[in-house]
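*Asks:* This is the structure I have questions about; it appears just below.
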Amino acid sequence: MAGRWERAVGVLAARQLGVMSLDQVRATGIARSTQKNWVAVGRWERRLARVYRVRGAPWSWHQQLMAAVLWARPSSVASHRSAGWLWGLDGLGTAPPEPVEVTVAHARRLSPQAEVTLHRTRAFPRHLEWWKGLIPVTDLARTVIDLAGVLDETSLELALDSACRRKPRLLQWLERELACLARRGREGAAALTRAIRNRTDPALESALEVRVLRAMLRAGLPRPLTQCTLHDAAGRFLARVDFFWPDTGVVLEADGWRFHGSKPQWERDTARRNALTHAGFQVFNVTWDLVRTSGWIEALRAALRREGTQLGSGRPE
């Protein structure tokens, strides 16, 4: 009999990243004496109140989030920065956000847990998704709305732009929803409304490009064309560039992490830059490290002030 219980618990833990709630365990029919014994001998270890981890299961951020959702059940969902990380949104840093964040219905009574930031709502999310069929998570639109209440302006703009690249019609839904939320005084509604109004160009392809364009516009530089295909005077294709000012022939490339890559990639980038320079374009490059400084802005401003003759041609794609 104990073998059957053990198999049932093993299947449950394997399906949930190595964690399980006490209610789930009891539903398998296992005796309470056996539960207590397995905890006593170290086969299970307590992670949160009434949530256990099977000894030997590899610990991870996703497992921690799974444990938090199990602890807060029923009516619990990964939300805010945790949901943004599951969705792969920009603006959340380079490491999974901690503590994990979960939203529950307002009436739920739960004791605070150091590992979990608990959000309560009277309007529990109607539309949910599932991360790999395991963790319930707020849908993309609700995630962006929640993030508006916890992120700074720049991070929110990066998250919004990356969300819109995943779902092009997202802005339409957000604008309708915000009209209702603003009347209720929801935290972050005003910030998200501004982010939507200030949103720049749907053609931008990376978080770095968003940040670069924001910096240029704040510095008063003229708005460039984005994602342009450039040709030389004979009409031969040269490159597709991130930002281009056709009146001056100035090009700006947001290089992300490409220069930290392989030697073949570095050589292709160098050949591309040489071809643009040979055709008469003036090429500037900015990286994540440079975008935090002001020197590249001033160099670009000086280049745009000088009169230039465009030897090639460009068109947005």
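*Asks:* Among the listed residues ARG120, ARG26, identify the single one that is open to solvent by 20 Å² or more (accessible area, probe 1.4 Å), in contact with a His (Cβ under 9 Å, 6 or more places away or on another chain) and not in a loop (DSSP other than H, G, I, E, B). Lay out the reasoning, then the answer.
*Replies:* Numbers: ARG26 fails: in contact with a His (Cβ under 9 Å, 6 or more places away or on another chain).
Of ARG120, ARG26, the one residue that is open to solvent by 20 Å² or more (accessible area, probe 1.4 Å), in contact with a His (Cβ under 9 Å, 6 or more places away or on another chain) and not in a loop (DSSP other than H, G, I, E, B) is ARG120.
*Asks:* Would you mind listing the strands (runs of 3 or more DSSP E) fully within the range 206-285 where at least 2 residues are over 26 Å from ARG166 (Cα atoms) and either in contact with a His (Cβ under 8 Å, 6 or more places away or on another chain) or open to solvent by 20 Å² or more (accessible area, probe 1.4 Å) (or both)?
*Replies:* Here the list reads 237-245.
*Asks:* Cβ contacts < 8 Å: first residue within 18 Å of PRO246 (Cβ to Cβ) and in contact (Cβ under 8 Å) with a residue 12 or more places away in the chain, restricted to the range 274-302; second residue among the hydrophobic types (A, V, I, L, M, F, W, C) and part of a helix (DSSP H, G or I), any location; separation 6+ or different chain. Result?
*Replies:* Filtered contacts from the range 274-302: GLN282/ALA303; VAL283/LEU276; PHE284/TRP296; PHE284/ALA299; PHE284/LEU300; PHE284/ALA303; LEU300/MET216.
*Asks:* Still on this structure, please answer the following. Sort out which residues of the range 1-21 are among the hydrophobic types (A, V, I, L, M, F, W, C) and modelled with pLDDT of 90 or more, and write them in order of number.
*Replies:* So in the range 1-21, the residues among the hydrophobic types (A, V, I, L, M, F, W, C) come out as 1-2, 5, 8-9, 11-14, 17, 19-20.
The answer is LEU17, VAL19, MET20.
Here's the yes/no breakdown for (1) part of a loop (DSSP other than H, G, I, E, B); (2) open to solvent by less than 20 Å² (accessible area, probe 1.4 Å); (3) farther than 20 Å from GLY133 by Cα; (4) touching a strand residue (DSSP E or B) at 6+ places or on another chain (Cβ under 8 Å):
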| residue | (1), (2), (3), (4) |
| --- | --- |
| TRP59 | yes, no, no, yes |
| HIS62 | no, no, no, yes |
| MET66 | no, yes, no, yes |
| TRP71 | no, no, no, yes |
| SER82 | no, yes, no, yes |
| TRP85 | no, no, no, no |
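*Asks:* (1) at pLDDT 85 or above; (2) in contact with a Ser or Thr (Cβ under 6 Å, 6 or more places away or on another chain); (3) not hydrophobic (A, V, I, L, M, F, W, C): which one isn't true of GLN227, the others all being true?
*Replies:* Of (1) at pLDDT 85 or above; (2) in contact with a Ser or Thr (Cβ under 6 Å, 6 or more places away or on another chain); (3) not hydrophobic (A, V, I, L, M, F, W, C), only one is false for GLN227: (2).
*Asks:* For the range 39-51, does any single residue satisfy the condition of being part of a helix (DSSP H, G or I) and surrounded by 12 or more Cβ atoms within 10 Å (Cβ to Cβ)?
*Replies:* yes
*Asks:* Are any residues in the range 123-140 assigned to a loop (DSSP other than H, G, I, E, B) and over 18 Å from ALA67 (Cβ atoms), and if so, which ones?
*Replies:* Initial filter on the range 123-140 (assigned to a loop (DSSP other than H, G, I, E, B)): 123-127, 132-134, 139.
Of everything in the range 123-140, those that are assigned to a loop (DSSP other than H, G, I, E, B) and over 18 Å from ALA67 (Cβ atoms) turn out to be ALA123, PHE124, PRO125, ARG126, HIS127, ASP139.
The values are calculated or read from the model by the stated rules, or taken from the named source; none is laboratory data. Keep in mind that this is a model prediction, so the values were computed, not measured. So basically every Cβ, Gly included, is an ideal-geometry build from the backbone, and we count neighbours across all protein chains shown. Side chains included, ligands, DNA and RNA excluded: accessible areas come from the protein's heavy atoms. Shrake-Rupley method; radii C 1.70, N 1.55, O 1.52, S 1.80 Å.
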